[in-house]
Amino acid sequence: MDIQLKDQSPVELATACLVIGVHHEAPLEGPAKQVDDASDGAIGRLIESGDIKTDRGATALLHGVDGVTAERVLVVGCGDAEKFDRVRFHETCMAAGKFLREHTVTEAHVCLHTLPVEDLDASWRLRQAIVAIDMANYRYEATKAPKSDDPKPLATATFAGDDTLEAALEQGKGLATGYRAARELGNLPPNICTPAHLARYAEGIADRHDNCSVDVLKRKDMAKLGMGALLAVGQGSANPPRLIVLRYNGAGDDQAPYVLVGKGVTFDTGGISLKPRLGMEEMKFDMCGAAAVIGTFEAVASMGLAINLVTVVAAVENMPDGKAYRPGDVITSMAGKTIEILNTDAEGRLALCDALTYSERFEPAAIIDVATLTGACVVALGHHATAVMTRTDDLADELVAAGSAAVDRGWRLPLWEDYDSQLKSPFADMKNVGGMPAGAITAGCFLAKFMGKQRWAHLDIAGAAWKGDGREGATGRPVGLLTQYLVDRAG
Ligand code: BES
Ligand code: MN
Ligand code: ZN
């Protein structure tokens with residue numbers, strides 16, 4: 001989608017579709033008022049008659065409005081003005097974007113972000129409008145033939161605003177690119193999106209952007225490093241694992257990098273502790289942590305943020321096989337700690353612990369891992385929030401604040417040492433499952449054992465990463481939260 005700013009009166013602007021917002025039972029403001037004035041009160045009359053609804057997300061498409069150059073005007077209901085907060089603003093922009101997507105509007109001029117939203121500034125409103133409109137326009141098409149009557153996507157979107165919003169425009173575009181990348185990788189089927197595919201995709205990013213490089217570690221490299229946990233997860237698969245290391249240098253070499261670590265289980269059958277068959281196809285999304293950190297990397301690189309960033313992806317497939325690891329095995333992680341396997345379906349923490357140990361070599365400013373780690377996280381928070389776990393209070397605050405600012409919310413769960421006792425094993429330094437109580441937290445406690453005093457947080461995105469039993473596809477979350485966190489650090 002081509003995205004640009006356009007600073008011109010909405011009534012004089014030549015566009016296929018002008019998109020304006022109206023609040024419920026409130027005087028018309030901004031572009032809606034300008035259109036109303038130019039059309040001798042047409043908008044007001046249509047609201048009065050009930051032909052334009054002002055409920056949040058309602059849409060009405062008008063043709064040939066008097067006094068307006070635009071071919072069509074899309075009037076979007078914004079609900080009560082006093083309740084129009086960041087979440088409702090996002091949903092309203094998504095509703096407008098969906099309408100445009102479903103009605104073959106290939107070019108539009110968007111003004112929704114000229115309405116006030118809490119006390120958020122014009123830059124924030126523009127950026128989030130771009131993200132929402134682009135998000136609503138995404139369709140998965142990689143492995144199906146388009147039908148001739150499929151509505152065409154929005155090809156060009158202009159947004160109301162002048163040159164002072166140039167930086168916000170670039171941020172919006174970068175975020176949109178990052179979200180798209182994460183969703184597309186998430187949605188690809190597991191026979192295509194293998195560890196090798198993720199590695200190739202990362203290589204493509206490094207080629208496309210300045211100041212980027214990539215290293216891809218294979219089995220023998222992992223063996224040399226002693227990554228016994230990551231290797232164990234992958235040993236039953238014909239698609240060999242990859243450790244993908246993307247680097248972006250946007251600041252001086254003396255600046256400690258931020259490190260993002262992603263769980264990239266390209267398919268999780270559960271292994272020998274096989275999952276039930278119903279819904280197993282959803283486990284193609286078990287690489288959404290990897291997709292999100294790769295998407296965030298792409299967003300940061302395309303924005304040219306003044307930070308150093310390393311993205312580490314543990315890409316691996318968890319399969320049952322004659323060579324697969326089994327319950328009862330004791331494996332040795334890169335950190336030298338031994339782990340008794342009680343359930344081969346708790347594989348994500350095993351892949352991650354070695355990736356976390358590997359990440360310490362970068363002497364990071366902070367390490368954040370992102371993973372579809374536990375079904376228990378879905379039980380705790382549902383599909384609305386990313387779980388934020390860390391033993392560093394101010395890091396938790398920073399991440400939760402970033403999520404709120406990006407309308408990609410996270411919520412903290414405790415990571416108290418009290419839970420550690422659930423991981424005790426008579427045969428190894430720890431076992432890989434902590435039992436039924438607080439399953440999301442004990443998974444976090446497992447990872448914490450590999451992190452020492454490092455500034456580190458774990459994000460469980462098992463609920464946030466995809467929607468509707470997987471049929472609505474990957475959300476790209478938490479690209480927004482992570483990118484905002486990094487934008488805030490770039491100062
Ligand atoms: N990838 C799953 C977690 C998951 C399940 C995410 C459902 C989203 C939806 C993970 O590898 C897993 O299987 N976790 C187990 C852990 C258990 C064996 C301790 C789980 O949550 O059941
Ligand atoms: Mn699993
Ligand atoms: Zn998994």
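The values are calculated or read from the model by the stated rules, or taken from the named source; none is laboratory data. Since the structure is predicted, the reported quantities are computational estimates derived from the model, not experimental observations. All Cβ positions, glycine included, derive from the backbone under ideal geometry; neighbour counts span all protein chains shown. Surface accessibility is based on the protein's heavy atoms, side chains included, excluding ligands, DNA and RNA. Shrake-Rupley method; radii C 1.70, N 1.55, O 1.52, S 1.80 Å.
Things worth noting here:
- Helical mean residue ellipticity (222 nm; -39500 (n - 2.57) per DSSP H run of 4+; nearest 500) of the chain: -11000 deg cm²/dmol
- Top positive-direction residue, dipole computed over the stretch 390-491 with Cβ charges, set Ala428, Ile441, Trp411: Ala428
- Each DSSP beta bridge with both residues in the stretch 2-159 is either parallel or antiparallel, and the antiparallel ones are about 25%.
- The C-alpha atoms of the chain define a longest principal axis, and helix 122-137 lies at about 80 degrees to it.
- With Cα atoms, 0 to 90° folded angle of helix 439-448 axis to the chain main axis: 70 degrees
- Note: the stretch 341-491, Cα convex hull, 114 Å³ per residue.
- Summarising the strand pairing of the chain, around 40 percent of its internal DSSP beta bridges are antiparallel.
- Pairs of lysine residues in the stretch 180-489 that meet both criteria, 8 or more places apart or on different chains and Cα atoms under 19 Å apart, total 17.
- Overall, the accessible surface of the chain at a probe of 1.4 angstrom is composed of carbon and sulfur to the extent of 49 percent.
- Each Lys or Arg adds one and each Asp or Glu takes one away; over the other residues whose Cβ falls under 15 Å from the Cβ of Glu29, this sums to -3.
- Cut-off under 5 Å, modelled amide H: who pairs with Asp345 long-range: Ser273
- Around the amide H of Gly21, modelled in the peptide plane, lie the amide H atoms of Ala32, Val76, all under 5 Å away and 5 or more residues distant in sequence or on another chain.
- Cα centroid separation - the stretch 287-341 against the stretch 359-425, whole Å: 16 Å
- Kirkwood Rh, Cα atoms: Rg over Rh of the chain: 1.02
- For the stretch 180-489, with +1 on Lys and Arg beta carbons and -1 on Asp and Glu, the positive-most of Ala371, Leu246, Leu274 along the dipole: Leu274
- Taking only the Cα atoms of the stretch 2-159, the ratio Rg/Rh comes out at 0.96, with Rh defined as the Kirkwood radius.
- Listed peptides 195-207, 440-452 by packing density, highest first (mean Cβ within 10 Å): 440-452, 195-207
- Taking a straight Cα-Cα cut-off under 17 Å and skipping sequence neighbours fewer than 8 places away in the same chain, the aspartates and glutamates within cross-link reach of Lys144 are Glu184, Glu472.
- Of the residues Leu5, Gly97, Gly57, the one whose Cα sits farthest toward the positive end of the charge dipole of the stretch 2-159, with +1 on the Cβ of Lys and Arg and -1 on the Cβ of Asp and Glu, is Gly97.
- Spatial offset of the stretch 1-75 relative to the stretch 450-475 amounts to 39 Å, using the alpha carbon center of each.
- Phi-based couplings in Hz for the stretch 158-172 (Karplus 6.51, -1.76, 1.60; Gly and Pro marked x): 9, 10, 4, x, 9, 4, 5, 9, 4, 5, 5, 4, 5, 5, x
- Extension gain from Arg412 to Arg219, taking 0.36 nm per residue of separation minus the Cα-Cα distance: 65.9 nm
- Size of charge dipole - the stretch 15-166 - debye, nearest 20, with Cβ of Lys, Arg +1 and Asp, Glu -1, no other charges: 680 debye
- Label-point separation in nm, Glu363 to Leu61, each point 7 Å along Cα→Cβ: 5.9 nm
- Beta bridges by DSSP in the stretch 1-77, antiparallel share as percent, to the nearest 5: 50 percent
- Rounded accessible area per residue of the chain, 1.4 Å, Å²: 40 Å²
- The chain: angle of helix 348-359 to the longest principal axis, Cα-based, in degrees nearest 10: 90 degrees
- Dipole magnitude of the chain about its Cα centre (Cβ charges: Lys, Arg +1; Asp, Glu -1), debye to nearest 20: 2020 debye
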